[in-house]
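The values are calculated or read from the model by the stated rules, or taken from the named source; none is laboratory data. In this text the structure is predicted, and so the values were computed from the model without any measurement. Please note: Cβ atoms are built from the backbone with ideal geometry, for glycine as well, and neighbour counts cover all protein chains shown. Calculation scope for accessible area: heavy atoms of the full protein, side chains included, ligands and nucleic acids excluded. Shrake-Rupley method; radii C 1.70, N 1.55, O 1.52, S 1.80 Å.
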Amino acid sequence: MRVLHFYKTYQSESYGGIEQTIYQLCKCSPVSGIESEVLTLSESPDPAELLYEGHKVHRVKLDLQIASTGFSFSALKRFAQLVADADVVHYHFPWPFMDLAHFVTRMNKPSVVTYHSDIVRYKTLLQVYKPLMHRFLSSVDAIVATSPNYLQTSSVLAGYKDKTQVIPIGLDKNNYAAPSAAKMQEWKERIGDRFFLFVGAIRYYKGLHILLDAARGTNYPIVIVGAGPIEQELRQRVREQGLNNVIFLGIVDDEDKVALLQLCYALVFPSHLRSEAFGISLLEGAMYGKPMISSEIGTGTSYINNHGETGLVVPPSDSDAFRAAMRQLWDDPVLAATMGTRAHARYQKLFTARVMGESYARLYRDVLDMHGLMTRQVSLGTE
């Protein structure tokens with residue numbers, strides 16, 4: 001079976017949560033007899049097809065970008081060409097240009113949409129896009145929500161529950177670097193082995209300003225890994241407030257990231273808006289057996305971090321509650337260790353790439369069968 005993934009960016013150039021999900025699916029699909037390919041846009045002036053970690057990535061030139069939506073004229077032709085050889089097309093929502101491509105090319109293959117997130121930020125433009133969005137979601141064969149929490153709280157998905165199922169995002173620990181003993185010792189000497197860790201893009205919805213407010217008046221070491229558009233603003237805030245216990249490391253390589261995940265005391269994830277639909281780095285914390293602190297925003301973050309079992313979940317935008325949760329874990333190492341053990345067990349039960357891959361393989365077969373049945377019915381009706 002050949003599956004074509006279609007999304008605006010991919011790991012050869014971008015490393016967000018959706019890109020990671022596609023990557024994990026491409027890596028785990030061969031054991032289910034699935035050959036995966038990716039079509040994506042590229043800012044390179046002369047993009048070319050490449051082989052990335054064992055699967056083909058077809059890149060076409062990004063022509064313009066409006067409100068985080070990439071457009072590419074050449075993508076329409078290339079999409080139609082690749083669809084002709086695909087058994088199933090796997091879309092990743094949201095990306096309005098993808099909806100246009102679906103209709104402009106008259107795509108008629110079995111189709112699956114992973115609904116990663118509601119559109120939260122561009123509320124005015126959303127009103128313009130809504131008719132196309134609903135026409136697109138109505139036309140596809142199946143929709144996937146990444147957590148039961150998101151399915152229950154999304155007003156958009158509420159209209160498509162009859163064709164929506166939940167398949168959580170999964171990770172394969174074998175795809176992560178194993179840090180050397182020397183690397184572990186290097187980081188232990190630099191920052192110790194008892195610190196709170198944040199990993200992720202430094203964007204507006206990540207709630208890092210809440211974490212900085214929670215850090216005030218404490219001496220808990222807090223390490224922030226990542227980069228993004230508000231990084232300098234936050235660094236300046238740390239300097240102005242004299243938060244000597246907060247360390248920004250910027251972007252680190254894979255081996256360093258895993259070393260920090262293994263060394264940290266707990267993972268902190270203060271995202272406060274629904275733009276944080278799942279939380280891949282929160283799941284990475286669970287994969288490495290760490291207790292977690294997150295906020296209740298009605299998304300997959302509270303499916304990964306089950307309050308009282310794998311960590312603590314606090315109200316969003318509440319720095320006092322976040323500080324209290326940090327204090328509770330810091331002052332009770334036995335509780336922290338127990339929650340970390342439960343987090344790892346929950347990861348193994350629900351969030352491995354193997355479980356995700358097997359679930360999608362079943363769905364692909366189902367939509368193929370359903371599409372074939374509909375085609376036969378139409379054929380019989382015209383005879």
**OP:** Scan the strands (runs of 3 or more DSSP E) fully inside the stretch 1-119 and keep the ones with 1 or more residues being within 22 Å of SER359 (Cα to Cα) and not basic (Lys, Arg).
**Re:** 2-6, 35-42, 55-61, 88-93, 111-115
Subject >> Residue count for the stretch 99-154, restricted to those that are more than 27 Å from ILE297 (Cα to Cα) and either in contact (Cβ under 8 Å) with a residue 60 or more places away in the chain or in contact with a Lys or Arg (Cβ under 7 Å, 6 or more places away or on another chain) (or both) >> reply: 5
Original post:
Quick one: would you say MET339 is assigned by the TED database to the domain that holds SER294, modelled with pLDDT of 95 or more, in contact with a Gly (Cβ under 7 Å, 6 or more places away or on another chain) and surrounded by 18 or more Cβ atoms within 10 Å (Cβ to Cβ)?
Top reply: yes
Subject >> Enumeration of residues in the stretch 117-138 that are modelled with pLDDT of 95 or more and either in the same structural domain as ARG274 (by the TED database) or buried (at least 19 other Cβ atoms within 10 Å of the Cβ) (or both) >> reply: PHE136, LEU137
Original post:
Counting only residues that are in a helix (DSSP H, G or I) and closer than 25 Å to ASN244 by Cβ, which one in the stretch 172-199 is least open to solvent (accessible area, probe 1.4 Å)?
Top reply: TRP187
Subject >> Single unsatisfied condition, ASN305 versus (1) open to solvent by 10 Å² or more (accessible area, probe 1.4 Å); (2) among the polar types (S, T, N, Q); (3) free of Cβ contacts under 8 Å to residues at least 40 places away in the same chain >> reply: (1)
**OP:** Would you confirm whether any residue within the stretch 365-374 is in the same structural domain as PRO168 (by the TED database), crowded, with 17+ Cβ neighbours inside 10 Å and at pLDDT 95 or above?
**Re:** yes
Original post:
Under 6 Å by Cβ, and 6 or more places apart or on different chains, what pairs join a residue from the stretch 338-352 that is without any contact (Cβ under 8 Å) to a residue 60 or more places away in the chain with one that is part of a helix (DSSP H, G or I) and of a type in the set (Asp, Glu)?
Top reply: none
Original post:
Hey, VAL57 hits all of (1) modelled with pLDDT under 95; (2) open to solvent by less than 50 Å² (accessible area, probe 1.4 Å) but one; which does it fall short on?
Top reply: (1)
**OP:** Return the only residue of THR69, THR114 being modelled with pLDDT of 95 or more, closer than 18 Å to GLY16 by Cβ and open to solvent by less than 40 Å² (accessible area, probe 1.4 Å).
**Re:** THR114
**OP:** Just name the residue that is nearest to ARG194 (Cα to Cα) out of those in the stretch 258-277 that are modelled with pLDDT under 95 and surrounded by fewer than 24 Cβ atoms within 10 Å (Cβ to Cβ).
**Re:** LEU273
Original post:
Is it the case that ASP141 is out of contact with any helix residue (DSSP H, G or I) (no Cβ under 9 Å at 6 or more places or on another chain), closer than 24 Å to TYR23 by Cβ and charged (D, E, K, R)?
Top reply: no
